[in-house]
Each structure stands twice: as C-alpha cells, then as structure tokens.
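Student: Handing you this structure, nothing more for now.
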Amino acid sequence: MTAAIELEQIDKSFGSVHAVRGVSLAIEKGAITGIIGENGAGKSTLMSILYGLYHADAGTIRVDGQPVRMESPHHAIAHGIGMVHQHFMLIDSFTVLENVVLGAEGGPLLARGTSAAQAELERLERDYGLSVDPDALVAELSVGEQQRVEILKVLFRGARILILDEPSAVLTPQETDQLFRILATLKARGVTIVLITHKLREIMAATDRVYVMRQGEMVAERATAETNPEELAELMVGRKVRLQLDKAPPHPGEVRLGAERLGLVDRRGVRLLDDINLDLRAGEIVGIAGVSGNGQTELLQVLSGIRPPSTGTLTVCGRRVDASHPGDPAEMRDLGVAHVPEDRLRQGMVAAFRASETAILGYHEQSQFSRNFLLRQPAVGAYCARLMERFDVRPRVPGLRSSSFSGGNQQKLVLAREMVQEPKVLLVGQPTRGVDIGAIEFIHRELVRSRDVGCAVLVVSVELDEILSLADRILVMFAGRIVGEVAAGADERTLGLMMAGAKTSPASPFRPKTESGSSGRKRKRGKRARKEKRRGGKR
Amino acid sequence: MEDPLALVFLTAAATLRVATPLILCAMGGLFSERSGIIDVGLEGKMLMAAFFSAAVAAVTHSAWWGVAAGIAAAEVMALLHGLACITYRGNQVVSGVALNILASGLTIVWGNAWFHRGGQTPALEGQGERLLPIFFPRAGDSILVYVALLAVPITWWVISRTRFGLRLRAVGEMPLAVDTAGISVAWLRYRAVLLCGLLAGLAGSYIAIAQNAGFTRDMTAGQGFIALAAVIFGKWRPFPAFGACLMFGLLDAVAIRLQGVRVGGIEVPVQLIQALPYLLTVFLLAGFIGRAIAPRAIGQPYEKEH
Amino acid sequence: MNARLPLPAWAEIVLLPLVNIALAFITVGIIVRVIGVDPLHALELLVVGAFGSPESIGYTLYYATNFIFTGLAVSIAFHGGLFNIGGEGQAYIGGLGCGLAVLAFDRYLPIWLMIPVGIAAAALFGAAWAAVPAWLQAWRGSHIVITTIMFNFVAAALMVYLMVNVLIAPDSMTPQSRGFAPSAFMPAMGGNALNLSLALALVCCVGVWVFLWHTPWGYALRTMGHNPEAAVYAGTDLRRMTMLAMCLSGALAGLVGVNELMGVHHRIVLDFPAGYGFAGIAVSLMGRNHPFGIVLAAVLFGALQQGGAELSFDIPDITREMVVVIQGLVILFCGALVHLPRPWLQTLLALRRPS
C-alpha cells in the first residue's frame, strides 16, 4: 500500500492530561480510513496535530514519504490536507462563496478572485455532486448543506486528503447517507479520506481500514472487511460491552407531567416544537430519542420552565402552564420538578464556584440554606458533604472548585443535587455526556433507582444505546415533533428510520414526512428571496 | 438679517470643520471594531496626537513634521492597546479607559515639562506651522478636511472590496474560522488597530494644527466618544457613520446659534444640544430608532487552544 | 503564547497583582526620570506628602473614601458580569440628589435626620441614574458599556445646565448653590477634609461583603456574573438581577456626593466627581473585586492623590496630572496587561515544562 500519510510515535499532553500516547498509523492513498474511539480517546487531538492546529510533543509526520513539520493549518493545506471539523468554521453572515474563498482569495482585490472562484466552485459542485447555491447566506442553509460548504472549502484549496471529524454528529440518518455517497464519489476520484467517528455502523459501511483508539493509544488496526461491530466495540471499550441494564419492570402510576399540543415558535417564526403530546407517569422512565437538533433541547427548556410554550398547555403536578401563564424554573422546582441539564458546564453548574456552592444551585433560597436573608454556610457545607458521600463524588472536598472535578464527578454532583431533592419529576438531558465508563453505570443505576421509588423520569439522549437500555417507553423526535412511540426492546433500524422522519409507528396519527434532508429549519427559497437577503445582509 | 445663502454656506463649513476629526476618528474606530477590538480609547489617541503634533510643529516650525509626530504618537497608543487586547488578551474596555486617562495626564505632564506653560504648547503661526485653509479662507478647509472626506469611500472600498477587508470582517465575526483557514488572527487585528491609530492620529493633528493653533489641555473634549457614538449609530458601516458624524457636527455647529431660541415657549438649553449626540446614540441602542448589530466576536479576546 | 496554566492560588491573588503594580510604578519612575527628576526623591516626597503628618493622613483618607465608594460600585456590578463605567455620572447625579434634599430640608431638620436623608437621597439618585442604562441592557439589549459612557456626558451637561440656570446661589459669580445649613454638615474627623463619610464607606464595605457572599441574592448575582445560563437554570430572573446589581452599584457611586458635598464643600458645586468614577475601575481591579482589597487599593490611591498634590508643590516640573498618569498606568497594568507577567512568574515557579 502506498501511504499518503504516516504518523510515527506521536505524543501529546495538555498539562497533566496525556491525550495521545505514542500513536503510529498509516493512511492509505485513495482509500477511506476510519479512526474509531469513544469520547476522549484522542482521535480528534491526533488529527488536529496532523492538521497543524496543535504541535506534537514528540513523533514524526510523513506526507508521501517525506517528513514534514506541521506548524499550522497553512502547512497542512499546502500539503493537500483538508479538515472538515465537527463544529463548522463558517461565518453565518457571509455567503457560501465568501466562506469558501476566505483565505484563498486569489489576490488582494476581491473582484477578480471571486469570479474565478465562482467558476471553480461550480466545477467542483458538478464533479463531486455537492450542490449549494454560492450566493446563499450560510445562516439560511440546513446543517447538511453547511457541511457541504465545509467540504467544498477544502476541495477548493486542492486538498487530496480529507479528514472528517464526526461528520454525522449533527446529521439525520438520511443526510448521513447522502454524505457517504459523496465520500464514495470523492474516493472514486482518488481523494484519500480519513473518517473520525464513534459510530460503529459508519465504520462498517464506509471504510476500508479502521484504527481503534482508546485512552490516547492505538489499540488495534483492522481491514474493515475482516472485522465486525462486536469486535470493534470490544476493542473500543476494552471489555465486553453490556448492552442491557438489569432492571425490574416498571409500575407506572399517576400522570405527573402532561403536555397537550405543546408548541414553541422562536422570534423568526421557526417552529421549534410542534404539537407535542406526552404523558409522564410516576414510576417510569420515558426516553426521548432523536438526532441532536430536532427539538429535544427546546423540549427540556419548556418542560423545566426555562422557556414558556408558544401554544398548547403543560400540566405539571396540577399547575397549568401555557403562553399566558408561563412558569419559571424556580416555580417548577417548587412543584417538584428537578432538571439535570444537557450541558452541565454551561447550564448546570458554575465552574468557578466551590462544590458546596454548586450543590445548592437552584435551591439556594430554600429555608435549609438561607434564613433571615443570610446564607447558612455550615449547613451548605454539610449538605454538600452528604451529597458527595451518597453519590461517590471524588475528591470528597466541598471547598474544591467545581472545575477541578472530572467530568464524571461533576455530572454525579449535579445529579446528586437534583435527585436528593426527591423530586416528583426528573428531567435529564444527555446524562452521560463526557462521562467515563465507571460513572456511566453508576448514573444509569441511580436513574433506575429513582424510577423505582416513584419518580417520573424523562431522559433525553442522542445515544441510542443509552435510551434502549434505560427507557421503559421510547418517544422519537424529529423536526420538533414526536413522530412515534415504541416500547422498550424496539430495534435500532425502526428507531433510526423514525429519527429520519421516514417512518412513524402504526399507532401514530402523524403522516410520514417526505424526504427533504432538512432538520426542520426554515429557509428562504427562491432567487428573489436570496437576492433580497443578500442586499440587506451585505457588509 | 444675514444673507441666507451665506448662512447656509457658513453653517455647512462649520459643520465640516467640526465633523472632520469625528470622521477620521470614526473611520479608524470602524477598522478596529469590525475586527473585533472595542476601542473606547479613540479619545486618548486623538489627544496624544494633538499634543505631539502641536509640540513638534512648534519646535520644528513645520506643520508636516507635526502631523507625522501626531500620527506616530497615536500609533504608539494603538500598539499599546493592541498589545493589551490581542497579545495579552486583556479587557478591551479597561485598556481603552486606561489609555484615555494616561493620555490626559501625560500630555499635561510632558507639556509642562517641555514648555512650562501649564500644559499648553506655544502658539503656532503662519502657513508653515499650521495647516491653513486651501480654497475658502472663511471655511477653514485645510487639506486634512479633504483627506477626511476621501477617507470615507476609501474605508468602504477597503472593507468591502479587498481581501484584507474580507478577512477583517471575518475575524470580527468568527476568529476561529479565520484561524483554521491558516490566517493569523493577531496580525489581522494588529493591522486594524494600527489603521485606527493612523486615522486617529490624523484627527488629533487636525484639531491642534489646523482647527486651532496649538495644544491646550483636554482639547479633544469628548470628541473621541462622539466618534465612537457615530460608529455605533452608523451600525458599523462607513457611509452611515459618515452621515452620523455630519449630523453630530451640525448639532455642534448650530448649538451656539440655537442658544436663546425658543421651541414651543421653552428656551432650548445649549447643554441639551451638546448632549444630543449621546442621547441619540442611547436611543439607537435602545432600539427606538432601528437596531444596531455589532460584529459578533467583538470584545472577546481570541484564545488559541494550543 | 504558551498554554496558560493557572498559577497557585497565592500567586494569583497576591503575587500577580503586586507585580502588576510594581510594573506600573517602574514605568512612572521612568517617566519621572525623563522629565529630569530623581524618581526615588519624588517617591520619598510622595510618601511623606501622603502620610507625613496627621493633616496629610486626614486628606489621604478623605480621598480614599471616594475611591472606596466608586471601587465598591464597580466591583458589585462586576460580580454580576456588568461593566459599570458610569461611575462619574452616577456620582454626579447622586450628589445632585443629596444637594437637592439638603436645600429642601436643611432648615427644618435636625442634623441626626438631615444626614441620613441626604445619604438616602444620594444613594437613590445614583441608583436612578444607573437604572436607566440597566433597564436598557436588561430589556432592550443595549450594551451597558456604551450607554453608561454616554450617560456620563449627559450627566455633565445636565449638571452644568442646572447649576448655571436653576440652582445657582443668587449672588454668586461661579456656578454653585447656596451654602448648606450646619445641619447638613457631615461631622468632621480630625479637623479638615476627613469626615464621617469614611465610616459610611467602611460600613458599605462590610455590607457589600455580606451581600455578595452571605446572602442568596448575592449568590444569584455572582452566578449571573459567572454564567448567565446557569443563573436562568437556577431560577434567577436575569433582568431583575441586572437592575438590582446596577442600582446597588449606582447607589454606592452616588455616595461620593455625600463625602464631597455634605462633608467638604457644604454646597453643590460642579466637577466634584473629578475622575473618581474612572479611578474606581482601577481600585476595583487592584482590589481583585473584593471589599477588603478595595479598601487597601483605595488607601493607595488616596495616598497617590494627596502625595501627588504635595509633590507638585515641591517639584514644579511634576504637575498634579502626574497622579492621573499613575492612575492610568495602574489601570493599564492591573486591568489590561494583567496577564503580562505570567510567563515570568511561571518560569520562576518552575511550572512550565521545558518545550
């Protein structure tokens, strides 16, 4: 095999975190190579080193056999390497053309460069089947289209080696299929592709060769045709993966939270939630499955009182919430609704606060913590210590800054805070994001235990495996609507199709959506609309 | 009764005279702000430039050396601001405030140490030491007025028709995108800040050498802030900002004339007219007269994850 | 720039600020030398001028009182994530409020009623002047930095108008009001400018400390300052909290009027904020936004003001504006260039791995 790129003994640390440990790999020219691993395995770091965003502490990089020093993305681009990031590097207020051309304008004056670029862009779109309107504003494109712009950017600069970092993380299964068709076309034209992902099915479907990384090390290398998902999963995790949690059957009781025709419309008129109907009963876990970006975040915001609904009603423990009687998070807490937010660092805690201060976030006005206008510090400290004991949060130091705890311990602290209040309703978003394996099992067991003492639990997760193992009932969201409900034990195929909006469950009153490839974002179509937007939005 | 035509002409000339430093400063502020660096230090840059231009012009008896010195002084301030905001990722507002205070103190301290006149510089005389009007003696149109008028279309052209302008706008919206495209965020922002210094330097030199005949303490009198208000009022775009500068200049030019005028039975206080640019900007920011959307990444220091 | 590892806690809180201040003073020394004066001699004169006699200590503390008020004002807003640069205007309008209350009631109220009324009026008016930019930020999204700067200028214009046209004492040539009755004289401490406002300032320090770290509202305020999304999640109404933070901030700045008008001038005058509002930013930064640090920083600035005045008497080449220069440099080094010494300190503390 001719290696387009060889990495030898690459090593990288960030302070005390040893992100990449002596990794070597070879990327075959003209093939699709996959790098698989969990969150934090080091795959993105490794590729960022290759792309010149980070500098390795040790090791060599070879391109076409020649050792090179990747000082910056500039170098990488010069060597024909292009990277499509998980978080798009696109400027919303610029057009597609301006975004593509940024950094490769072809001269100090834009006029000449952009007309040449336009022609080149059209050629690329034809050759590789990537269709996007060059004059559209990026803000108006769907996620899938934005990704195509990213790929065009890279091809425009003459990349022959393409690195894609978790490309399907924000795509529906439909858009993901489109993406892989594009990758196949690229491969047919001799482009070398590196695919970073944590999704087994993509590796099996699209790659020729796969490397498995775990905790910074390269643990295995296989030809895709010679392996299978179970082997890869085991290599990824390091032991037999237990896909089913031992749990007793649920005993659903009264309805604690009911949503009737709930809808949410944002300022621009985009419908974020559409006709949501659901009942959450005591003693059951309801899982919300769906690709991220289909309204799950907004649903949690409405249910927890952070955002009022635009239409419809929400009944929580007897209180009716609707657009004219909005609730708020404080009131919801008083009613017995606890909320573990999706993004703990941004919403669920304050990194600079001590653990004891994080332990009372949202509950700081309770009489056990404040009396006569003053906070009772000793009571707060003791409370935090109790939480840490019960939920095994380490280190057991209430005075330590919250940011000093690991992801798993932070999540346990947040969960502890919410669960110890013995809520009637527990809303949980992405319970194990960025959490290590040991903590994951603990958290899952605690959620089930909460259900067993009668709490009504709602779990939102983009990890289908988590939903499948935790939930008693599964609701699937797509484009802001609930498109189907299945019992536990449903197969992934059905769920995946529902998540793409292509199929609904038999009992569902909704009609299946036609293929559109969008995730519910409103876009202005038509040349005239685009021209208007352009004139208004220029400069 | 004054000849109405002459009145219009004189008012227009006065407007332009007052607006010139505002225009130059505003264009400079535009470059800085579009690149994502807040600049409340326009006032300080102008003041330093005014002092140094007047001082050097007095000593060398040459207005042009004065202008050069004024620009140099403003550039030093701009570099300090850039250093604090870009390289050391400090708080941009604090840096601007610090430099304003520094300028207001240093100009007096140095002025006194040099010339022993309590902070003033020696009066400038004649064509050589001052920049006198070119075509209309009563209108005060020194060459810098024309430079200011030219600066507006040039600024517009640079921002919207050149590669540098595209990258500048990009770095003010999303520096991460610029960085991953292999372009140096810091170098772009430094160039923006230096352009700002150049223009603010010209503005300050104008005030000391063309509009007046020397430096007096705190002579910029808040015009740097009015220029900032004009940038915001013009929604960070060159021609609207230019319009705002003219409007604010007009207000200032007619403030004295309006004193004693009655509107609906109430005498219009001159202080109200003086406060109008600030009040209008607040109204705009409050959304009562349209919306002003700043460059998205403004005010946030860019930190690479190296 | 190398990866910025945080320094150990003691270095962050004590060493780094000290290094920043040292850099500021070294720069001042250089400027002084350039003018042709011996920096150490100047420093000696400055220190003696500030602390050399009971009278000079009195003046130092009188200046420090103002710095404490404005420093506290900036810090409380800062803890809420808000940058209040409107201290000048809020101090001005606070003084107006105090003065108006005095002019209305000083002939009718005894001193033990007049003083609290004056204080309350100063706080109320200062809070009101801050409330408008706060409301605009909270409900209309207008950037508070810009609006507070604008309001400083509006306050100045308003005060000039009022003083020249409305409040001017009947026979006065300069724009100032009639003198206050003795019931509005803040009791003096020590014979000259220093007055009981210092005690008020220290009480405010304790109050701010208790509020921020020992009450649920202070907790909510700090949460908003660190992480607005977490504050929303925690049930805090961001808009009302913004108003609260800014009103408290404006009230504290307004108390400068108490010190100046009821304590020293005994009439309403122009220009008494005299840069205290902006210097409050420096005091707050140097004091690490903590009331205790603010007191220390305020005393330092008070000493600079008093010592600087004495210095400019003794050495004519160094004018009073030197104090302004020092203030500017302190803000620059402690606020904007605060991270400058980090690499040196890191090497010193041998934290960096050899690259």
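Student: If I go through region C:231-267 residue by residue, how many of them are assigned to a helix (DSSP H, G or I) and on the phi > 0 side of the Ramachandran plot?
Tutor: Residues meeting the conditions: 0.
Student: May I ask you to say which residue of C:I57, C:I26 is modelled with pLDDT of 90 or more, away from every other protein chain (no Cβ under 13 Å) and under 30 Å from C:I93 (Cα atoms)?
Tutor: Residue meeting the stated conditions: C:I57.
Student: Do the conditions hold for C:L332, that is, is it assigned to a loop (DSSP other than H, G, I, E, B), within 12 Å of chain B (Cβ to nearest Cβ) and in contact with a Leu (Cβ under 9 Å, 6 or more places away or on another chain)?
Tutor: no
Student: For region A:417-438, name all the residues that are surrounded by fewer than 22 Cβ atoms within 10 Å (Cβ to Cβ) and among the small types (G, A, S).
Tutor: Listed by number, the residues that qualify are A:G434, A:G438.
Student: Scanning for something of a type in the set (S, T, Y), in a helix (DSSP H, G or I) and under 24 Å from C:L109 (Cβ atoms), does region C:138-151 turn up at least one residue?
Tutor: Within region C:138-151, not a single residue is of a type in the set (S, T, Y), in a helix (DSSP H, G or I) and under 24 Å from C:L109 (Cβ atoms).
Student: I'm checking my understanding of the structure. Among residues of region C:304-329 that are touching a residue at least 60 places away in the same chain (Cβ under 8 Å) and of a type in the set (S, T, N, Q), which one is nearest to the other protein chains (Cβ to nearest Cβ)?
Tutor: C:Q305
Residue by residue, here is whether (1) more than 21 Å from A:S356 (Cβ to Cβ); (2) more than 21 Å from the chain's Cα centre (by Cα); (3) within 14 Å of another protein chain (Cβ to nearest Cβ) holds:
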position	(1), (2), (3)
C:F211	no, no, yes
C:P216	no, yes, yes
C:M224	no, yes, yes
C:V232	yes, yes, yes
C:T236	no, yes, yes
C:R239	yes, yes, yes
C:M246	yes, no, no
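Student: Among the candidates C:V47, C:V14, C:V102, single out the residue that is surrounded by fewer than 20 Cβ atoms within 10 Å (Cβ to Cβ), hydrophobic (A, V, I, L, M, F, W, C), within 28 Å of C:Q306 (Cβ to Cβ) and in contact with a Gly (Cβ under 7 Å, 6 or more places away or on another chain).
Tutor: Going through C:V47, C:V14, C:V102 in turn, just one is surrounded by fewer than 20 Cβ atoms within 10 Å (Cβ to Cβ), hydrophobic (A, V, I, L, M, F, W, C), within 28 Å of C:Q306 (Cβ to Cβ) and in contact with a Gly (Cβ under 7 Å, 6 or more places away or on another chain): C:V47.
Student: Could I ask something else about it? Could you count how many residues in region A:282-330 are under 15 Å from A:V457 (Cα atoms), within 28 Å of the chain's Cα centre (by Cα) and part of a strand (DSSP E or B)?
Tutor: Residues meeting the conditions: 5.
Student: Quick one: would you say B:S35 is small (G, A, S), buried (at least 24 other Cβ atoms within 10 Å of the Cβ) and farther than 25 Å from B:R217 by Cβ?
Tutor: In short, yes.
Student: Okay, next question. B:L198 is checked against (1) assigned to a helix (DSSP H, G or I); (2) modelled with pLDDT under 95 and fails just one. What number does that condition carry?
Tutor: (2)
Student: I need the full set of residues from region B:205-233 which are away from every other protein chain (no Cβ under 11 Å), surrounded by fewer than 24 Cβ atoms within 10 Å (Cβ to Cβ) and part of a loop (DSSP other than H, G, I, E, B), in order please.
Tutor: Those that are away from every other protein chain (no Cβ under 11 Å), surrounded by fewer than 24 Cβ atoms within 10 Å (Cβ to Cβ) and part of a loop (DSSP other than H, G, I, E, B): B:N212, B:A213, B:T216, B:M219.
Student: Check region C:101-109 and report whether any residue there is within 14 Å of chain B (Cβ to nearest Cβ) and either farther than 24 Å from C:P228 by Cβ or of a type in the set (A, V, I, L, M) (or both).
Tutor: no
Student: Any idea which residue in region A:349-370 is nearest to the other protein chains (Cβ to nearest Cβ), counting only those that are of a type in the set (S, T, N, Q) and part of a loop (DSSP other than H, G, I, E, B)?
Tutor: A:Q366
Student: Which number in (1) over 21 Å from the mean Cα position of the chain (by Cα); (2) buried (at least 19 other Cβ atoms within 10 Å of the Cβ) marks the one condition that C:P54 misses?
Tutor: (2)
Student: Here's another thing I want to ask about it. Of the conditions (1) more than 20 Å from C:T70 (Cα to Cα); (2) within 14 Å of chain B (Cβ to nearest Cβ), C:F301 fails just one. Which one is it?
Tutor: Against the list (1) more than 20 Å from C:T70 (Cα to Cα); (2) within 14 Å of chain B (Cβ to nearest Cβ), C:F301 comes up short only on (1).
So that you can scan it fast, the table gives a plain yes or no per residue for (1) more than 13 Å from every other protein chain (Cβ to nearest Cβ); (2) touching a helix residue (DSSP H, G or I) at 6+ places or on another chain (Cβ under 7 Å); (3) free of Cβ contacts under 8 Å to residues at least 40 places away in the same chain:
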{"site": "A:V20", "(1), (2), (3)": "yes, yes, no"}
{"site": "A:K29", "(1), (2), (3)": "yes, no, no"}
{"site": "A:L46", "(1), (2), (3)": "yes, no, no"}
{"site": "A:Y51", "(1), (2), (3)": "no, yes, no"}
{"site": "A:Y54", "(1), (2), (3)": "no, yes, no"}
{"site": "A:D57", "(1), (2), (3)": "no, no, no"}
{"site": "A:G65", "(1), (2), (3)": "yes, no, no"}
{"site": "A:S72", "(1), (2), (3)": "no, no, yes"}
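Student: Follow-up question, since we're still on this one. Tell me the residue from C:L194, C:L255 that is more than 14 Å from chain A (Cβ to nearest Cβ), closer than 26 Å to C:T65 by Cα, crowded, with 24+ Cβ neighbours inside 10 Å and touching a strand residue (DSSP E or B) at 6+ places or on another chain (Cβ under 9 Å), please.
Tutor: Testing whether each residue is more than 14 Å from chain A (Cβ to nearest Cβ), closer than 26 Å to C:T65 by Cα, crowded, with 24+ Cβ neighbours inside 10 Å and touching a strand residue (DSSP E or B) at 6+ places or on another chain (Cβ under 9 Å) leaves just C:L194.
Student: Output yes when any residue across region C:299-315 is more than 30 Å from B:V40 (Cα to Cα) and outside any helix (DSSP H, G or I), and no when none is.
Tutor: Yes.
Student: Every residue in region B:42-83 that is surrounded by fewer than 24 Cβ atoms within 10 Å (Cβ to Cβ) and among the charged types (D, E, K, R), please.
Tutor: B:E75
For every residue, the table says whether it meets (1) assigned by TED's automatic domain parsing to the domain that holds A:P134; (2) under 35 Å from the mean Cα position of the chain (by Cα); (3) surrounded by 18 or more Cβ atoms within 10 Å (Cβ to Cβ).
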{"site": "A:H79", "(1), (2), (3)": "yes, yes, yes"}
{"site": "A:G82", "(1), (2), (3)": "yes, yes, yes"}
{"site": "A:H87", "(1), (2), (3)": "yes, yes, no"}
{"site": "A:T95", "(1), (2), (3)": "yes, yes, yes"}
{"site": "A:E98", "(1), (2), (3)": "yes, yes, yes"}
{"site": "A:L102", "(1), (2), (3)": "yes, yes, yes"}
{"site": "A:A111", "(1), (2), (3)": "yes, no, no"}
{"site": "A:E120", "(1), (2), (3)": "yes, yes, no"}
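Student: Further question on the same structure: Would you check if C:V283 is more than 8 Å from chain B (Cβ to nearest Cβ), crowded, with 24+ Cβ neighbours inside 10 Å and of a type in the set (V, I, T)?
Tutor: So C:V283 passes the test.
Student: Looking only at region A:32-74, how many residues end up being out of contact with any strand residue (DSSP E or B) (no Cβ under 7 Å at 6 or more places or on another chain), at negative phi and not in a strand (DSSP E or B)?
Tutor: Total satisfying the criteria: 10.
Student: Report every pair of residues separated by at least 6 positions or lying on different chains whose Cβ atoms are under 9 Å apart, first residue within region A:249-271 and without any contact (Cβ under 8 Å) to a residue 24 or more places away in the chain, second assigned to a strand (DSSP E or B) and not β-branched (V, I, T).
Tutor: Matching pairs, first to second residue: A:D266/A:L272.
The values are calculated or read from the model by the stated rules, or taken from the named source; none is laboratory data. On a predicted model such as this, the values are computed, not experimentally measured, just so you know. Note: ideal-geometry Cβ built from the backbone for every residue, glycine included; neighbour counts use all protein chains shown.
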